[in-house]
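Trainee: Got a structure for you, written out below as structure tokens; questions coming shortly.
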Amino acid sequence: MKIGFFYISPPPDSSLYTGMNQGVAILVSILKNMGYKPDFRIIYGRDDIISINTAYDLALISSFSGMIDIAEELAIHIKRISENTYVVLGGVHATVAPYDAIKLKGVDAVVVGEGETAIREIIRNFERKDFGNVPGMLVEKGNSFPAPTFANLNTLPFPDRSIFDQKGILSKYGKIVGAEFMLGRGCPYSCTYCINANLNKLYDRKHIRLKSPEYAIEEIKNFIAEYGKPALIGFHDDIFPFESEWLEKFSHIYKREIDIPFWANTRVGIVNKKLLRIYKETGCIRLHIGVETANERLRKQVLHRDMTNDQIIDTFKLIKDYGIKTLAFNMFGIPYETEDTIIETINLLRKIKPFRTIISLFTPFPGTELYDICKREGWKFDYHVRNFYEAKPPLTQPSISNEKLIYYFTNAIRMIYE
């Protein structure tokens, strides 16, 4: 069987996005372990689609909402080459908007949620085209689909990183991003701009889980054996594990067998002296935290992030006291943003002075509560975004002009650090 696997992705950028997708790399490993050699391609745009001239039996496409128009063009192109190709769409957009995704031209089915179980069942049932019981697979417009499932993380194969040119990534991003890993999946919080709120409903939060410390360490050792010891490791989990027993066991093994500096994501309200002591002793050199906005009304009522400015200030100070650098994520242009609220955010960032600040323009993605708010308000927006750091506001709203938004977006870093 000829299988094509297509990952729709924005080009790697100069911030923290290397282009690596560990979930996709795991799916490719599963296919190879089943004896198949998928024709894997990264699709950045229309030029990459035009270059495809192979007739596939099965085409697997993974895309997020921002490039779902490119995914549809790809599906149409594949069907032009061979109308018999069975096209399955997965990824973020298929998960948050399956009944919209199934309507895309050229798409025969969509997979909702994690795909490790589904991909095995699709292959096993492909000859009969009997997909009615495949977890999370929607095959007909308007129908329901079997509940999506999730695999035991400790039984999954390691990601096939070669499909993303891991050596090239290390060469370009080795000092700021490093070798990328995930220790688990899921996030217990439900911020209104994030897919995790949707996943928490879909899985009733049961998908939030960690790899065992032993499995996580073995994956890192496997990476080192293949690519050499990196200068830095990055843990991409939405929140770095903070459960005491797991963390202490992981820390002990990591220090003994890996001992490589790392960065991780965390959240205000979680960080405390005990955690920071363990993080520091384990090798943490940088923590990434979402500030998003300094306006407490917007933060609590619009973003559903229950934290105060005083907590943010205290957290950043505490992290610095432990000799760990900080990186702050922020969004400009969230619903009901004004010039005054942006100035509040800039002033807060001036006060906490992160080692690095990243600012993006808010995009209302399907499947999020803020997407529904923007639609209800009747605001003009476009979620087909290729670059989150481009000075082109995806959302137009009456509380702030796009001209003002672009001005602060392009000048904020200078204002924060001057």
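The values are calculated or read from the model by the stated rules, or taken from the named source; none is laboratory data. If you're wondering where the values come from, they're calculated on a predicted model, not measured in any experiment. Cβ coordinates were reconstructed from backbone atoms using ideal geometry, including for glycine residues, and neighbour counts include every protein chain displayed.
Trainee: Pairs under 6 Å by beta carbon, first residue over 19 Å from residue 16 (Cβ atoms) in the stretch 272-293, partner among the small types (Gly, Ala, Ser) and modelled with pLDDT of 95 or more, six or more apart or different chains?
Mentor: Listed pairs, sorted by first residue: 278/251; 282/251.
Trainee: Could you tell me which residue of the stretch 46-59 is nearest to residue 3 (Cα to Cα), considering only residues that are touching a residue at least 40 places away in the same chain (Cβ under 8 Å) and small (Gly, Ala, Ser)?
Mentor: 59
Trainee: Run down 42, 70 and say which single residue is in contact with a Phe, Trp or Tyr (Cβ under 9 Å, 6 or more places away or on another chain), among the β-branched types (Val, Ile, Thr) and not in a strand (DSSP E or B).
Mentor: 70
Trainee: Kindly establish whether residue 417 is touching an Asp or Glu at 6+ places or on another chain (Cβ under 8 Å), surrounded by fewer than 21 Cβ atoms within 10 Å (Cβ to Cβ) and of a type outside the set (Val, Ile, Thr).
Mentor: For residue 417, the condition - touching an Asp or Glu at 6+ places or on another chain (Cβ under 8 Å), surrounded by fewer than 21 Cβ atoms within 10 Å (Cβ to Cβ) and of a type outside the set (Val, Ile, Thr) - is not met.
Trainee: Sticking with this one: Select from the stretch 1-14 the residues that are surrounded by fewer than 18 Cβ atoms within 10 Å (Cβ to Cβ) and under 15 Å from the mean Cα position of the chain (by Cα) and write down the one among them that is modelled with the highest pLDDT.
Mentor: 10
Trainee: A further question on this structure: Check 165, 160 and return the single one that is closer than 24 Å to residue 185 by Cα, surrounded by fewer than 19 Cβ atoms within 10 Å (Cβ to Cβ) and among the charged types (D, E, K, R).
Mentor: Exactly one residue qualifies, and that residue is 165.
Trainee: Restricting to the stretch 361-414, name every residue that is within 24 Å of residue 350 (Cβ to Cβ) and either basic (Lys, Arg) or not assigned by TED's automatic domain parsing to the domain that holds residue 334 (or both).
Mentor: Result: 404, 414.
Trainee: Now for a separate question. Would you pick out the residues in the stretch 42-59 that are under 23 Å from residue 18 (Cα atoms) and β-branched (Val, Ile, Thr)?
Mentor: 42, 43, 49
Trainee: So residue 159 fits all but one of (1) assigned to a loop (DSSP other than H, G, I, E, B); (2) in contact with a Pro (Cβ under 7 Å, 6 or more places away or on another chain); (3) closer than 29 Å to residue 218 by Cα; what number is the exception?
Mentor: Exception for residue 159: condition (2).
Trainee: Identify, from the list 35, 45, the residue that is surrounded by fewer than 18 Cβ atoms within 10 Å (Cβ to Cβ) and either assigned by TED's automatic domain parsing to the domain that holds residue 384 or within 23 Å of the chain's Cα centre (by Cα) (or both).
Mentor: 45
Trainee: One residue is enough: does the stretch 193-206 have a residue meeting the conditions touching a Gly at 6+ places or on another chain (Cβ under 9 Å), closer than 28 Å to residue 335 by Cα, among the aromatic types (Phe, Trp, Tyr) and in a loop (DSSP other than H, G, I, E, B)?
Mentor: Checked against the condition, which is being touching a Gly at 6+ places or on another chain (Cβ under 9 Å), closer than 28 Å to residue 335 by Cα, among the aromatic types (Phe, Trp, Tyr) and in a loop (DSSP other than H, G, I, E, B), the stretch 193-206 yields at least one hit.
Trainee: Of all residues in the stretch 312-325, which are over 26 Å from the mean Cα position of the chain (by Cα), under 14 Å from residue 351 (Cβ atoms) and not basic (Lys, Arg)?
Mentor: Within the stretch 312-325, 313, 314 meet the criteria.
Trainee: If you don't mind, another one. Out of 216, 264, I need the residue that is surrounded by 13 or more Cβ atoms within 10 Å (Cβ to Cβ) and within 30 Å of residue 308 (Cα to Cα). Which one?
Mentor: 264
Trainee: Within the stretch 133-157, which residues are in contact with a Phe, Trp or Tyr (Cβ under 6 Å, 6 or more places away or on another chain) and surrounded by fewer than 21 Cβ atoms within 10 Å (Cβ to Cβ)?
Mentor: 139, 154
Trainee: Is there a residue in the stretch 240-263 that is modelled with pLDDT of 95 or more, out of contact with any Gly (no Cβ under 6 Å at 6 or more places or on another chain), small (Gly, Ala, Ser) and part of a helix (DSSP H, G or I)?
Mentor: Scanning the stretch 240-263 turns up at least one residue that is modelled with pLDDT of 95 or more, out of contact with any Gly (no Cβ under 6 Å at 6 or more places or on another chain), small (Gly, Ala, Ser) and part of a helix (DSSP H, G or I).
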